[in-house]
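Read-outs: derived from the displayed coordinates by stated rules, not from any lab. In this text, all values refer to a predicted model and were calculated from it rather than measured experimentally. We place every Cβ from the backbone using ideal geometry, glycine too, and count neighbours over all the protein chains shown.
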Amino acid sequence: MTRVYNFSAGPSVLPEAVLQQAQAELVEWHDAGMSIMEMSHRGKTFTAIAEQAEQDLRDLLAIPNNYKVLFLQGGAALQFSMIPINLFGKTAKADYLNTGIWSTKAINEARKYGQVNVVASSEAQKFTTVPARDTWQCDPNAAYFHYTPNETINGVEMHDVPDVGNVPLVADYSSTILSRPLDVSRFGLIYAGAQKNIGPAGLTVVIIREDLLDSHFPFTPTMLNYKIQADDKSMHNTPPTFGWYLAGLVFKWLKAQGGLEAMAVINQRKAQHLYQAIDNSGGFYKNAIDVRYRSWMNVPFTLPTEALEKSFLAEAEKAGLTTLAGHRTVGGLRASIYNAMPEAGVNALVEFMQVFQQKWN
Ligand SMILES: *Cc1c(COP(=O)(O)O)cnc(C)c1O
C-alpha cells in the first residue's frame, strides 16, 4: 500500500490511524455481530457510539452546557439555508461579512428568506484580505451576524473572533474547526461540513446555543428544524451513522494527540513552514493573501506561468504529492494542510518545491 500525501481541500486526508481502526472494526464492530452500518441507530450499541462522539467533541472544544450539538446531513451548504429559516422567525434580517466565495454563497442563499445586510466586503480586493473592523456597518438589531472564519478557496483566515456586541455570532467553521482551541461561548451557532477536519462527507456538525432554537419560521421543514433535531438528539430520522462513528474516532485521535492546544502548535508550525518556503523563493512562488489573514489550513500559491504550474502539478503527482490544483474559480495551486496532514507531508512538499524551483528557475 502506498498512501500519497493528499492536499485535497475536501473531502480530504483522514488520520491513517483512524482508517486502520475503522478497517479493523469494519466487518464486525467489537462483538456486535455486525458492522456499524448495519445496526439500528436507536439500538444500545449505536446510541453509545453517538453519545461518546458528542462527549469527545464537547471535551475537545469545551462546549458549554447551554449548547446543543447536532449531527446532521446536507453539508455546510445546506446550513446556508437552514440558518436563515431557523433564526429569521422573529427578526428577518441579518448581518453578513463577505470575505470570499463561501461567504458569498451563504449571503446569496440567506437573501431568499429575509433582509441581508452585507456589513463589509473584500471582493474589490479579490478576497485577499478581511475588511477592517471599523468599516463594518453592523445592525445592532440583526437576528445574527454570519461570517466565514476560514475561506477555504481563497485561503483567508480570521485568527480572532470578531466582537459584534450582543448579536449572535454564526460562523462557518467547515475548514478550520478543531485546528486550535475555540471559545464556543462567543458564538450563537457554529457549523462545519465534516469532510475537511472532522470525518467523511455526509455529516454536518452544528453547535447551537439553546436560546436560538425557537426562532424558526412556521414553514421551516421538519427535517431542517434545529429545535426538532435537538429535541430528538439528531435522530428525527436515520442519521449518517457511519460518518458519526468515524467522526468519533477522529475526536479520540485528536485527544490522543494532546487536544486542540497541541494541534494548534503543530498546525501553526506546518503553515509557517510552507509560507516561509513561498516567501523565501525570491518571488518564484507567491501567496497573495494579506499576511495577517493567511490561512493555517489552506495555502494557495502561484508560479510564474500557468505552464510551470501544470508541470509542477504533474511532477508533484509523480512524487506522491497530490491534489494541489487551486479551486477552479481562482486557479493557481493550493495545499490544504488540515489536522490529518502529517508534518512529514508538509516537509515533503517544501522539499519538492525547492527542487522544482532549482530545476526551472
Ligand atoms: C467546503 C465548504 C463548504 C461546503 O461544504 P459542503 O459540505 O460541500 O456543503 C462551505 N463552507 C466552507 C467554508 C467550506 O470549506
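Listed values, structure above:
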{"read-out": "Amide H within-cut-off set for A143, under 5 Å, with H built and near neighbours excluded", "value": "K93, A94, D95"}
{"read-out": "Gaussian network model of the chain, Cα within-10 Å springs - most flexible of V119, V18, V265", "value": "V265"}
{"read-out": "Whole-Hz couplings from phi, Karplus 6.51/-1.76/1.60, listed for the stretch 217-227; x for Gly and Pro", "value": "6, x, 8, 4, x, 3, 5, 9, 9, 4, 4"}
{"read-out": "Sequence-distant residues sharing a close amide H with A335 (under 5 Å, placed H)", "value": "V299, F301"}
{"read-out": "Unit charges at the beta carbon, dipole of the stretch 133-203: most positive-side option, V164, L182, G202", "value": "G202"}
{"read-out": "Dipole magnitude of the chain about its Cα centre (Cβ charges: Lys, Arg +1; Asp, Glu -1), debye to nearest 20", "value": "480 debye"}
{"read-out": "In order through the stretch 197-203: 3J(HN,Hα) via Karplus (6.51 cos²θ - 1.76 cosθ + 1.60), integer Hz, x for Gly, Pro", "value": "10, 10, x, x, 4, x, 10"}
{"read-out": "Positive minus negative residues near A76 (Lys, Arg vs Asp, Glu; Cβ under 12 Å)", "value": "0"}
{"read-out": "Candidate aspartates and glutamates for bridging to K227, where Cα separation is under 15 Å - those fewer than 8 sequence places away on the same chain excluded", "value": "E210, D211, D214"}
{"read-out": "Most mobile listed residue (A53, A94, A32) in the chain, GNM with C-alpha springs under 10 Å", "value": "A32"}
{"read-out": "Of T45, T176, T204, the one that fluctuates the most in a GNM where the chain has Cα springs shorter than 10 Å", "value": "T45"}
{"read-out": "Percent of beta bridges antiparallel (DSSP, the chain, rounded to nearest 5)", "value": "55 percent"}
{"read-out": "In Hz, Karplus ³J(HN,Hα) per residue of the stretch 356-361 (6.51, -1.76, 1.60; θ = phi - 60°; x = Gly, Pro)", "value": "4, 5, 4, 6, 10, 6"}
{"read-out": "Cα-based reach from K126 at 16 Å (exclusive), listing aspartates and glutamates while leaving out same-chain residues under 8 positions away", "value": "E151, E157, D290"}
{"read-out": "Separation between Cα centres of the stretch 4-83 and the stretch 103-143, rounded to whole Å", "value": "32 Å"}
{"read-out": "14 Å beta-carbon shell around K310, net charge (K/R +1, D/E -1)", "value": "-3"}
